[in-house]
1. Sort through 28, 38, 87 and tell me the only one that's part of a strand (DSSP E or B), closer than 19 Å to residue 104 by Cα, within 11 Å of the chain's Cα centre (by Cα) and not acidic (Asp, Glu).
2. Is it fair to say residue 70 is in contact with a strand residue (DSSP E or B) (Cβ under 8 Å, 6 or more places away or on another chain), at pLDDT 90 or above and under 22 Å from residue 13 (Cα atoms)?
3. Taking into account only those residues within the stretch 50-84 that are of a type in the set (Phe, Trp, Tyr) and in a strand (DSSP E or B), which is nearest to residue 17 (Cα to Cα)?
4. Picking from 82, 96, which residue would you name as being at pLDDT below 95 and of a type outside the set (A, V, I, L, M, F, W, C)?
5. Please enumerate the residues belonging to the stretch 31-61 that are in contact (Cβ under 8 Å) with a residue 24 or more places away in the chain, crowded, with 16+ Cβ neighbours inside 10 Å and charged (D, E, K, R).
6. Give me the pairs, please: first residue somewhere in the stretch 62-76 and touching a residue at least 60 places away in the same chain (Cβ under 8 Å) and surrounded by 15 or more Cβ atoms within 10 Å (Cβ to Cβ), second residue anywhere and among the polar types (S, T, N, Q) and assigned to a strand (DSSP E or B), beta-carbon distance under 8 Å, and either six or more positions apart or on two chains.
7. Output the residue which, of all residues in the stretch 6-30 that are in contact with a strand residue (DSSP E or B) (Cβ under 9 Å, 6 or more places away or on another chain) and without any contact (Cβ under 8 Å) to a residue 12 or more places away in the chain, is nearest to residue 88 (Cα to Cα).
8. How many of the residues making up the stretch 77-102 are among the β-branched types (Val, Ile, Thr) and surrounded by fewer than 16 Cβ atoms within 10 Å (Cβ to Cβ)?
Amino acid sequence: MALYEKAKAALDNKDAQAYLDLLHDDFVFVRHQTGGEVTKAEWAPTLTAMMESTALETSNERCIYENDDIIVSHQFMKFPDGTSEAVMVVNMKKDGKIIRAETGATPIK
């Protein structure tokens, strides 16, 4: 099973631990809003809270491209504050896990 499919299954099942297990120990998330970097340990509480929330909605999720080095995906997200964004995610891979994730988002009016 491709890494994208494993990650999507974890997200669909709201299984934060299964998703975190797919992240490399040296994982870094780059926040598109600020460019700031967050480690796996720092990202875990945010990821868990997002998965536990019933107010966060995702739709039209799809993998655009995946190979041994990268996953590029796109989805629409609706946030608890009522805002929506089209989100592009680029995940870099190392040793079969996600080592770096960067997002780009376009607000949807």
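The values are calculated or read from the model by the stated rules, or taken from the named source; none is laboratory data. Because the structure is a prediction, the values reported are computed rather than measured. So basically every Cβ, Gly included, is an ideal-geometry build from the backbone, and we count neighbours across all protein chains shown.
1. Answer to the check: 87.
2. no
3. Looking at residues that are of a type in the set (Phe, Trp, Tyr) and in a strand (DSSP E or B), I get 76.
4. 82
5. 61
6. Hits for this filter: 63/73; 71/91; 73/91.
7. Step by step, filter the stretch 6-30, then rank; the result is 12.
8. 1
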